[in-house]
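Values in this text are rule-based calculations from the coordinates and carry no lab data. Computed from a prediction, not measured in an experiment: that's the story for all the values here. Heads up, the Cβs are rebuilt from the backbone with ideal geometry, glycines too, and the neighbour counts pull from every protein chain shown.
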Amino acid sequence: MSVGWRDLRTELQRWQDAGLTATFWWRDDDARDASMQLDRLLRVAGELDTALALAVIPVGATDALMQRLRAVPLVDVLQHGYAHLNHSPDAEKKSEFGNHRDLPAQLAELRDGRRRLETLFGACLPVLVPPWNRIDQRVVECLARLGFTGLSTSGGRAAAVDTHGLRHVNTHVDPVAWRGNRGFCGEPDALRQVLQHLSTRRAGSADRAEPTGLLTHHLVQDDACWSFCERLIGETSAFDNVRWMAARALFQR
């Protein structure tokens, strides 16, 4: 069955009728440098007055990026791994912090990555976004001792705060067709992702307190993908019971 914008409006109306507030947040990955694509991302966020969490790769992050973000108050910087390099064997899914490398070496990279970002941006959020949204449990168990207080991957979270003291806030909507031509996955598919998370939250079969996360990749998105993201934020923001939240609020201790 095809899914359209009317279905999204109907779902948000159900939230409103139930006296519930539907929360969202926006994370964009793979930032390293200032670029025309980054300018577009920041322009969209500014025009829509929507907070943005920018996951920055420490290795290769430039002064130009720091200068570009300095005057953008709605952006929170998160740590996007270390160098965004795949260390998994060819037959396995990509991962930078998997179970194929020495644990102390991985922790040293994460520690160095934090220092690099703090040197550039000062007080960035102590939140790790592992590349490809994958991370080995051994690494997760050590993040708090490195100073991290939050972790963001993809899919519904198991708990808001895990046994290691990390606050989890994930993403649930990715409009890029990664297994296709890396263009827009199409409105029916993208909206289906939105509705899946919203409806399960409303029903209580997913954590109702976890905001529905939009994940974008400014360096690869085509015009159709950008148009969808702009419309999604616009359509949802038209409802009084919808809130787009800043990462700094979601990951506060």
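Before moving on, here are some points about what is shown:
- Total residues in segment 234-249, condition over 15 Å from the mean Cα position of the chain (by Cα) and in contact (Cβ under 8 Å) with a residue 12 or more places away in the chain: 9
- Condition check for Arg101: basic (Lys, Arg) and not in a loop (DSSP other than H, G, I, E, B): no
- Per the listing Gly204, Gly213, the residue uniquely of a type outside the set (Ser, Thr, Tyr), touching a His at 6+ places or on another chain (Cβ under 7 Å) and under 25 Å from Gly19 (Cα atoms) is Gly213.
- Subset of segment 76-98 [aliphatic (A, V, I, L, M) and assigned to a strand (DSSP E or B)]: Val77, Leu78
- Among residues that are touching a helix residue (DSSP H, G or I) at 6+ places or on another chain (Cβ under 8 Å) and farther than 30 Å from Thr212 by Cβ, Leu107 is included.
- The set of residues from segment 127-149 being assigned to a loop (DSSP other than H, G, I, E, B), in contact (Cβ under 8 Å) with a residue 40 or more places away in the chain, closer than 27 Å to Ala71 by Cα and out of contact with any Leu (no Cβ under 6 Å at 6 or more places or on another chain) comprises Pro130, Thr149.
- Whichever residue in segment 172-188 is surrounded by 15 or more Cβ atoms within 10 Å (Cβ to Cβ) and among the charged types (D, E, K, R) and, among such residues, is farthest from Arg14 (Cα to Cα): Asp174
- Taken over segment 15-36, the residue count meeting the criterion of being out of contact with any strand residue (DSSP E or B) (no Cβ under 9 Å at 6 or more places or on another chain) and loosely packed, with under 15 Cβ neighbours inside 10 Å is 5.
- Checking each residue in segment 163-196 for being within 15 Å of Leu250 (Cβ to Cβ) and not polar (S, T, N, Q) picks out Leu166, Arg167, His168, Val169, His172.
- In segment 178-212, the residues that are in contact with a Phe, Trp or Tyr (Cβ under 7 Å, 6 or more places away or on another chain) and either closer than 20 Å to Ala158 by Cβ or without any contact (Cβ under 8 Å) to a residue 60 or more places away in the chain (or both): Phe184, Ala190, Arg202, Pro211, Thr212
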